[in-house]
Amino acid sequence: QFPTSSFTSKSVKKGAGELEGITFHDVIYEGYAGGGIGMIVMVLTDNKNRAAAEIRKMGAENVVISMGKAGALLHTGGGVWLTRSPSVVEQNPIGAGDSMMGGLVWALSRGLTLPESLRWGVASGAAAASLSAVTSREKP
């Protein structure tokens, strides 16, 4: 028989989206586990911070959460860092997340710390989003 406690009832309603004031986020987390094994985890959650901590428990050493215009969050064994995105006029966000990861990896390859590298990544993503859309050229 299914338990009927108020906690269980509330949990079921929350999962079904029947409680007011709860917003679920469909998030893709990228991280690296021991030995440099890449992890990509897709999550539906009402708490991005808690979800990242749970992914770290699964073995990821570092987890980066892209939050779009709001910046990015970095979870490591040493702490949690939030980097806010610089204010830009968004023209085309396609590829901004890839640019963020590219900027982060570039900075890490230069020996910067993870929090410093996150700032480079967020700036790279914002710069990419500020560029106009890539279109094919019309024939003359």
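Annotations
- Top-ranked residue in the stretch 14-49 [being charged (D, E, K, R) and more than 25 Å from Leu104 (Cα to Cα); ranked as modelled with the highest pLDDT]: Asp46
- Qualifying residue in the stretch 36-47 (condition: open to solvent by less than 40 Å² (accessible area, probe 1.4 Å) and either part of a helix (DSSP H, G or I) or on the phi > 0 side of the Ramachandran plot (or both)): no
- Lone qualifier among Ala51, Ala70, Ala60 - being over 20 Å from Ser117 (Cα atoms) and either out of contact with any helix residue (DSSP H, G or I) (no Cβ under 7 Å at 6 or more places or on another chain) or open to solvent by 50 Å² or more (accessible area, probe 1.4 Å) (or both): Ala51
- The stretch 119-140, subset surrounded by 10 or more Cβ atoms within 10 Å (Cβ to Cβ) and outside any helix (DSSP H, G or I), residue modelled with the lowest pLDDT: Leu131
- Residue that is nearest to Lys57 (Cα to Cα), among those in the stretch 79-102 that are among the aliphatic types (A, V, I, L, M) and open to solvent by 70 Å² or more (accessible area, probe 1.4 Å): Val80
- The stretch 60-71: number of residues that are in a strand (DSSP E or B) and either touching a Lys or Arg at 6+ places or on another chain (Cβ under 9 Å) or farther than 16 Å from Asp98 by Cβ (or both): 5
- Scanning the stretch 105-118 for residues that are open to solvent by 60 Å² or more (accessible area, probe 1.4 Å), part of a helix (DSSP H, G or I) and either touching a Phe, Trp or Tyr at 6+ places or on another chain (Cβ under 8 Å) or more than 20 Å from Gly79 (Cβ to Cβ) (or both) returns Val105, Trp106, Ser109.
The values are calculated or read from the model by the stated rules, or taken from the named source; none is laboratory data. Every value quoted in this text rests on a predicted model; they were computed, and no experiment measured them. As a convention, Cβ positions derive from the backbone with ideal geometry for all residues, glycine included, and neighbour counts pool all protein chains shown. Each accessible area value is taken on the protein alone, full model and side chains, heavy atoms only, with ligands, DNA and RNA left out. Shrake-Rupley method; radii C 1.70, N 1.55, O 1.52, S 1.80 Å.
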